[in-house]
Amino acid sequence: TPIGSSLSSFQGNFDGNAKVVRNLSISSTSNDCGLFGCIEGATIQNLGIENCNISGASHVGAIVGYATEQQYHPSPSIHSCYATGYVKGTGYGAGGLVGSLSGTLINCFATLDVEGENNVGGLVGSATGCYINNCYATGTVKGTEKVGGLVGYYGDSGAGDVSNSIAANDSI
């Protein structure tokens, strides 16, 4: 079961202290799937996930399914994290590291295969008002609509930036 959900999101600070979670497997028909299902205003840092196999409906990613900011909560941030393996979403927002993101992603990478329907990305499936810096994605990305090597869909909320990042995917 992922940590946090849309009904009770994770809102703290998690420092993985450079630890690695291996062979994480989540098979669900629900939304918000990943090690962390849904975070609001949280910080996740210094964490690796290796050889994951994660599937769900919408908002599916290895580290975080859905990272959002809400009124009275700061923007979520994910720093120095990585994931390897496989991620699959059957709905909206499937990404190697984060399914759907409104926040900051710095010094992260995803070397895995991602499969989904709408808004599918090697690193982030759906991004709105995000700051993504020093990140990369490799692997195969498959989807039907709004598919990208780094980010599947980048929405315009008047703020955000993607810099010093690269998509080096095998195929998209």
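The values are calculated or read from the model by the stated rules, or taken from the named source; none is laboratory data. Remember, it's a predicted structure, so these values are computed and weren't measured experimentally. Quick reminder, even Gly has a Cβ in these numbers, built from the backbone with ideal geometry, and neighbours come from all protein chains shown. Accessible surface areas use protein heavy atoms only, side chains included; no ligands, DNA or RNA. Shrake-Rupley method; radii C 1.70, N 1.55, O 1.52, S 1.80 Å.
For the range 121-172, no strands (runs of 3 or more DSSP E) sit wholly inside it while including 3 or more residues that are free of Cβ contacts under 8 Å to residues at least 24 places away in the same chain and open to solvent by less than 50 Å² (accessible area, probe 1.4 Å). The strands (runs of 3 or more DSSP E) falling completely within the range 31-84 that include 1 or more residues that are farther than 25 Å from E145 by Cα and open to solvent by less than 10 Å² (accessible area, probe 1.4 Å) map to 36-40, 43-56. Taking the criterion of being modelled with pLDDT of 95 or more and surrounded by fewer than 17 Cβ atoms within 10 Å (Cβ to Cβ), the residues of the range 9-23 that qualify are N13, D15, N17, A18, K19, V20, V21, R22, N23.
Among the conditions (1) open to solvent by 80 Å² or more (accessible area, probe 1.4 Å); (2) β-branched (V, I, T); (3) within 22 Å of T104 (Cβ to Cβ), T1 misses just one, which is (3). If the condition is being modelled with pLDDT under 95 and either touching a Leu at 6+ places or on another chain (Cβ under 6 Å) or under 14 Å from Y82 (Cβ atoms) (or both), then the range 113-131 contributes A127, C130.
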